Amino acid sequence: MNLFGTLRAPRELLFGAGQRHALGSIAARLGRRALVITDTRLAADADFLMLVRQLKEADIAVAVDSSTLPDVPVESAVQSAENAQNFSPDLIIGIGGGSCLDMAKCVALLLTHGGRPQDYYGEHTVPGPVMPLIAIPTTAGTGSEVTPVAVLSDAERSLKVGISSPHLIPTVSICDPELTLSCPPALTAIAGADALTHALEAFTAIRRDPVPGIAQQRVFVGKNELSDQFALSAISLLWQGLELACTNGGDRAAREKVMLGATLAGLAFGVAGTAAAHAIQYPVGALTHTAHGLGVACLMPYVMTWNAPVIRDELAKIAQAAELSGPDDVIPALASLFARIGIPSTLQDLGLEESRLPWVAEQSIGIARLIQNNPRPLNLDEMRNLVTAAYHGDRSCLN
């Protein structure tokens with residue numbers, strides 16, 4: 001057997017309740033002028049203000065940019081980088097949900113290398129390291145605190161776009177589940193379902209021939225021995241904790257499981273990549289303006305049904321991780337879990353118009369880096385069938 005694995009991660013990753021209180025000493029080792037990026041709501045939060053106070057007590061000059069918008073419009077990242085020029089930061093700190101962390105990555109990139117976000121779309125286009133970056137997530141979902149990806153929305157393309165480079169992995173990540181205790185049930189569900197989808201797509205991604213240099217040629221190399229370990233652990237933790245965290249937000253053990261699951265899922269898909277569910281969500285999200293986590297989770301049972309003939313071994317291991325009876329139980333149990341936490345079960349429920357299905361199929365099949373990562377190939381006709389099944393809620397027509 002040819003064992004192959006690759007791992008990319010922050011230089012330092014702290015996980016646990018109260019670990020946010022280490023921010024001052026960590027930041028002092030990395031810089032003296034910190035640009036803290038967050039959003040308007042968090043900027044007035046007591047925990048956020050305490051973190052800023054820590055930085056100042058460590059004799060770090062601080063500027064706060066609370067302009068982050070959902071899905072990070074390209075223009076907003078450009079504006080933030082321009083506004084930061086006079087402050088001349090030598091350290092960027094992102095505090096918040098996935099959008100805040102992606103905004104911090106993009107601003108760090110622009111301040112270090114100049115240009116526009118459009119110059120860096122795709123994989124391996126960032127020319128070198130960016131300035132030191134600390135990521136502190138306050139939701140448990142995107143895994144952006146450990147991934148090489150920044151996702152933005154580009155109005156000119158009417159789609160979300162990604163900048164993917166190992167240089168975007170934060171220098172230090174501080175994952176403190178106490179910061180998620182106030183996260184409302186709906187956001188907990190959306191973020192957690194996103195994380196579970198990351199883990200499932202990473203674990204069931206295509207396995208490529210591990211030619212020497214594959215990890216230098218590709219940001220996302222497909223499933224491998226290391227990503228599989230993180231993905232299976234994430235699936236187990238999220239299956240145990242997600243519903244509990246949604247129904248009782250004060251359940252600290254559940255919050256810990258969900259945040260650790262989201263971080264491990266990020267470590268998994270940060271090298272393995274995601275696949276067809278994410279490809280379809282890009283155009284669906286552009287049309288419906290619904291949350292990313294809702295879209296990928298809605299699509300996951302349909303994509304897994306399509307992939308089922310070629311992922312039988314993976315389904316058996318997922319069943320074991322989720323404490324289910326066998327591989328045939330995985331997809332129905334996943335659909336049931338998502339339904340119980342409020343994830344829509346069809347694209348129609350997300351607000352997609354049936355007349356747009358052909359456009360969605362065409363756009364989805366064109367996102368080659370994700371479609372090529374899917375374990376079972378898809379042509380345009382098969383993609384049309386897949387999105388139609390997801391629209392009508394009929395998995396039976398997929399195999």
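The values are calculated or read from the model by the stated rules, or taken from the named source; none is laboratory data. Please read all numbers here as calculations on a predicted model, not as lab measurements. All Cβ positions, glycine included, derive from the backbone under ideal geometry; neighbour counts span all protein chains shown. Note: areas computed on protein heavy atoms with side chains; ligands, DNA, RNA excluded. Shrake-Rupley method; radii C 1.70, N 1.55, O 1.52, S 1.80 Å.
In region 337-365, the residues that are without any contact (Cβ under 8 Å) to a residue 12 or more places away in the chain form Cβ pairs under 9 Å with partners that are open to solvent by 10 Å² or more (accessible area, probe 1.4 Å), at six or more places apart or across chains, as follows: Ala339/Ser345. Cβ separations smaller than 8 Å between residues 6+ apart or across chains give no pair from region 151-175 residues that are within 15 Å of Gln281 (Cα to Cα) to residues that are open to solvent by less than 30 Å² (accessible area, probe 1.4 Å) and of a type in the set (Lys, Arg).
Residues in region 290-308 that are at pLDDT below 95, more than 24 Å from Val219 (Cα to Cα) and assigned to a helix (DSSP H, G or I): none.
Here Met304 meets each of (1) open to solvent by 10 Å² or more (accessible area, probe 1.4 Å); (2) more than 20 Å from Leu159 (Cα to Cα) with one exception, condition (1). Here Glu256 qualifies as under 16 Å from Gly143 (Cα atoms) and surrounded by fewer than 24 Cβ atoms within 10 Å (Cβ to Cβ).
Ala9 satisfies every condition listed in (1) within 20 Å of the chain's Cα centre (by Cα); (2) more than 30 Å from Val211 (Cα to Cα); (3) aliphatic (A, V, I, L, M) except (2). So, in region 139-153, exactly how many residues are within 15 Å of Arg116 (Cβ to Cβ) and open to solvent by less than 10 Å² (accessible area, probe 1.4 Å)? Residues in region 139-153 being within 15 Å of Arg116 (Cβ to Cβ) and open to solvent by less than 10 Å² (accessible area, probe 1.4 Å): 2 in total. Scanning region 259-289 for residues that are at positive phi and either open to solvent by 10 Å² or more (accessible area, probe 1.4 Å) or modelled with pLDDT under 95 (or both) returns a single hit, His289.
Each residue in region 55-84 was checked for being more than 30 Å from Ala286 (Cβ to Cβ) and either free of Cβ contacts under 8 Å to residues at least 24 places away in the same chain or crowded, with 19+ Cβ neighbours inside 10 Å (or both), and 4 pass.
In region 322-399, counting only helices (runs of 4 or more DSSP H) that sit wholly within it, the ones holding 3 or more residues that are open to solvent by less than 20 Å² (accessible area, probe 1.4 Å) and of a type outside the set (D, E, K, R) span 330-340, 357-365, 380-392. Those helices (runs of 4 or more DSSP H) of region 36-148 in which at least 3 residues are within 21 Å of the chain's Cα centre (by Cα), considering only elements entirely within it, cover 74-84, 98-113. Listed by position, the helices (runs of 4 or more DSSP H) inside region 166-247 whose residues that are surrounded by 18 or more Cβ atoms within 10 Å (Cβ to Cβ) number at least 3 are 185-203, 225-247.
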